[in-house]
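Beneath this line is the structure, given in structure tokens, with notes to follow.
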Amino acid sequence: MNNTLPVIILKDLVLFPQQEVRIDLNNNNSKKIIDLATLDYSSRVLVVCPKDMMEEDLDQTDLPNVGVVGEINSLMELPNGTIRVTIKGVKRVAINSYYNYELDKNLLLADTFNIHLPKYNELEEISYVRKLKKLINEYIEENPMVSNSIINTIKKVDSINILTDVIATFIPLKTSKKLDYMQEINGLKRAINILTDLEIELELIRLDQRLDESLNEKMANTQRDYILKEKLNELKEELGEEDEKTKEIQKYFEQLDSLNPKPKIYNQIVSEIKKYEFTTESSPETVSIRNYLDWVLNLPWNNESEDETSLTKIRKELDKTHYGLKDIKDRIVEYQAVKKFNNKIAGPIICLVGPPGVGKTSIAKSIAKSLNKKFFKISLGGMSDAAELNGHRRTYLGSQPGKIIKALKYCCTNNPVILLDEVDKMVITEKGDPSSVLLDILDHEQNNHFMDNYIDMPFDISNVTFILTANDIYSIPEPLRDRLEIIELNSYTEYEKLDIAKKYLIPKTLDNYGIDNKVIKIKDDVINSLIKNYTREAGVRELSRLVETIIRKAMTELVEDKEKNTKTITLKDINNYLGNFRFENHLVDEYHPGMVNILAYTPYGGNVNLLETIKYQGSGKITTTGMLGDILKESVEVALAYIKNNQKAFKLTKYEFDKYDYHLNFLNAAIKKDGPSAGISIVTSLLSLILDKEVPKNIAMTGEISLQGNIYKVGGIKEKIIGAYNLGIKTIFIPKDNEFDLVELPSDMLKELRIIKVSNYSEIFKEIFKK
């Protein structure tokens, strides 16, 4: 007859018929099951133990086909909300199916039916009962740690079914073994298995006693943990089994011998292995020591990859993936050339500085590939904890090595290329200063004995090629900057972007998409339109995305229109694919007196900002707007003082600054502006307004001005000129002291620009206002 019962699942606990258990329930579903059983099922539940105790997410296939009906004898709620329940096993039942309770899907019910027990030969049953009782008595006598309370319980029991269940609850067996006994419905089979298990337990007890006798002499001078370990070793030897820990220790020594580290390091690692050998499995230090050994024995102490020595192959590989970038390519080739004469030379420490998208990260990967070295990238942007680089001390829970050691373990060589990305964006907090740790890492005088807090042994990282990247060199702490070999990667001109798109971006995209370059073609005017009208960047990152977009759309057209086999992308297609222009590639249409173009430098490349000045009736008050920094505000004051001091030279009226107020507005107000390089532009803007003479819109300028009108050197000239060139500026005024910076600009661009080098403002005044 079928009978429905609510199911309670108990892990690591098997309930037998006649057994009474007390359990504490703090799970809401278990509490609901107990309430349901009490109200609707006569205080009866079906108690089951899952087949796999390690499984977290159980389903019905993980539950057994046999369970025990349990009767709830007592129920008490403790002050902390836990329910304490006493359940007594009644009988085994077979389970037909499990299903979810209709009113609460989180609760489980089961359809069960009674099990018909087999009939046994009476003499055979009596014989097994006597044998079990005799053996359990021997077991209790031999094992002083076991209570003899079971003797009175089994004395009057003559049923093989009841007797085996009582003994199964009493013997200290594994949960999986007890589950097997619970699921076995044949009492005689259970008796045979229990007799076997009892014989094994008795033999183990006797063997343990012999071990005790052999180790008595060591008891006085040896700790208890050591004695237990010796017992275990002798037990394993008696059973003919090899200790797993012994195997593990032997493996550690084999690994250590293959590493061949320096004697001092060798001895320190041996000390850790010995410490692990004498640590018991129950000790919390065991896992910590094992993790530590796994780290130190898997580090590339002497494992060095073989570099590519052919300078031609190195340069060819670098040229294959990147346009230009001559300085960094030459530096890598020079390093390999020097290494042919001195193989012991330390790896270079290079910092690539430039705006986003010019290829800083990707060239680092190409360098590693060209040199046949492993590559690993560590992002420093936002890093505030110094321990991320040099690790945590082993005294802390969950401690681990820093990212430098992790990189070496990952690469499996001690001479990889490690990229430290965005070094200018590290943060100093109460957790420490990561840049101070980099001082040790990047110093050739110290990094051959780099000490990670976790490893706590000197590791030679002098063979590592460190490449750092940054957008703004002035955001790098000066002590760290002093250790770096700075190589600047400039913004690209429009001609360079066109070349990069044709030679690199388009072929790479077509190759990635698996399409021939004869199937889809892109004309130069299309690429120029993408550069001028859809991007405004120093590098080519956004241009690369746009190239991928238009090629995907062209491929989609080819798939949809089966009559077409090829596609040439035109300007009309660009408008359909990308919509209207995102940027207008020209300056302000209408210029008035008081408006001047200022060359600006940002971490994202050069740019042109517009300064506009107006005047109105007042008393000589100066107002500035446009999110200016203190240095730029001081430049306004210097410019104003210079003009007042030279009113006769500029032919200004005596009371010009007494009758009017002036408002200087620097456009792009959302961007913070600072620095002294706008000095000559401020003077020009004021004079243009006062003299009512318009400054041509294709002129831009940069330079710091003094009270005497002298013009001094400023930074970022290359980026500023490239940014101005891309926006159509034709004439540029720069300080004469910056003349050397022009050498690194493309010659084709210099031919199209008129760059005027000045040392005093009178030269600018003559060029703009007197002609």
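The values are calculated or read from the model by the stated rules, or taken from the named source; none is laboratory data. Note that the structure is predicted; figures quoted are calculated from it, not measured. Glycine gets a Cβ as well: all are built from the backbone with ideal geometry, and neighbour counts include every protein chain shown. Note: areas computed on protein heavy atoms with side chains; ligands, DNA, RNA excluded. Shrake-Rupley method; radii C 1.70, N 1.55, O 1.52, S 1.80 Å.
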| query | Which angle between 0 and 90 degrees, to the nearest 10, do you get for helix 224-239 versus the longest principal axis of the chain when only C-alpha atoms count? | reply | 70
| query | Counting other Cβ atoms within 10 Å of each Cβ, which trypsin sites (Lys or Arg not before Pro) in the range 360-448 have at most 13 and sit in a DSSP loop? | reply | ARG393, LYS431
| remark: Distance in Å, no decimals, from the C-alpha centre of the range 302-381 to the one of the range 488-543 is 24
| task | In whole Hz, with x marking every Gly and Pro, tabulate ³J(HN,Hα) for the range 386-394 from phi via Karplus 6.51 cos²θ - 1.76 cosθ + 1.60, θ = phi - 60°. | result | 4, 5, 5, 9, 10, x, 9, 5, 5
| message | At 0.36 nm per residue, and after removing the present C-alpha to C-alpha distance, how many nm does the segment from GLN647 to ASN186 gain when stretched out fully? | response | 154.2 nm
| message | How charged is the neighbourhood of THR413? Take every other residue with its Cβ under 15 Å from the Cβ of THR413, and add Lys/Arg as +1 and Asp/Glu as -1. | response | 0
| request: Go through HIS322, HIS444 and list them by solvent-accessible area, largest first, probe radius 1.4 Å. | output: HIS444, HIS322
| query | Among all the lysines, which ones have a C-alpha under 20 Å from LYS231's C-alpha, if same-chain residues fewer than 8 places away are not counted? | reply | LYS218, LYS245, LYS247, LYS274, LYS275
| request: Would you please classify the overall shape of the range 1-64 from the alpha carbon gyration tensor, given that a ≥ b ≥ c denote the square roots of the eigenvalues, rounded means a/c under 1.5, and beyond that prolate means a/b larger than b/c while oblate covers the rest? | output: rounded
| note | Karplus ³J(HN,Hα) for the range 697-702 (6.51 cos²θ - 1.76 cosθ + 1.60, θ = phi - 60°; Hz, whole; x = Gly/Pro) runs 6, 8, 10, 9, 8, 7
| note | Excluding residues fewer than 8 positions from LYS757 in its own chain, the aspartates and glutamates with Cα under 20 Å of it are GLU704, GLU719, ASP737, GLU739, ASP741, GLU744, ASP748, GLU767
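Quick check: from the Cα gyration tensor, does the range 417-489 come out rounded (a/c under 1.5), prolate or oblate?
In terms of gyration-tensor shape, oblate.
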| field | Length-normalised contact order for the chain - Cα pairs under 8 Å, 6+ apart - percent | value | 7
| note | HN-Hα couplings for the range 413-429 via Karplus (6.51, -1.76, 1.60; θ = phi - 60°), in whole Hz with x for Gly/Pro, come out as 9, 9, 9, x, 9, 10, 8, 9, 7, 6, 5, 7, 10, 6, 10, 9, 9
| task | Please tell me which of these pairs span more than 23 angstrom C-alpha to C-alpha: LYS316/LYS409; LYS532/LYS770; LYS497/LYS730? | result | LYS316/LYS409; LYS532/LYS770
| At a 1.4 Å probe radius, carbon and sulfur cover how many percent of the accessible area of the range 1-153? | 45
| query | Ignoring ligands, DNA and RNA, what accessible area per residue does the range 540-670 give at 1.4 Å, in Å²? | reply | 58
| said: Run through the range 373-440 and list the chymotrypsin sites (Phe, Trp or Tyr not before Pro) located in a DSSP loop whose Cβ has at most 16 other Cβ atoms within 10 Å. | reply: TYR396
| For GLU308, residues with placed amide H under 5 Å, excluding near neighbours | ASN372
| For ASN760, distant residues with modelled amide H under 5 Å away | ILE711
| said: Could you work out [θ]222 nm for the chain from helices alone, using -39500 (n - 2.57) per DSSP H run of at least four and dividing by all its residues? Round to the nearest 500 deg cm²/dmol. | reply: -12500 deg cm²/dmol
| query | With every protein chain in place, what's the accessible area of VAL427 (1.4 Å probe, Å², nearest 10)? | reply | 60
| request: Count the DSSP beta bridges whose two residues both fall in the chain, then state the antiparallel fraction as a percent rounded to the nearest 5. | output: 60
| Can you pull the percent of the range 669-711's accessible area that's carbon plus sulfur, 1.4 Å probe, other chains left in place? | 52
| field | Given (1) 41.7, 136; (2) 29.9, 98; (3) 27.0, 81, the label whose value is Rg and Dmax of the Cα atoms in Å derived from this model | value | (1)
| request: Please give every one of the lysines within straight-line cross-link reach of LYS403, meaning a C-alpha to C-alpha distance under 19 Å, and leave out same-chain neighbours fewer than 8 residues apart. | output: LYS365, LYS373, LYS374, LYS377, LYS425, LYS431
| message | Charges on Cβ only, +1 for Lys and Arg, -1 for Asp and Glu, centred on the Cα centroid of the chain; of PRO477, GLY391, ILE622, which one is farthest towards the dipole's positive end? | response | ILE622
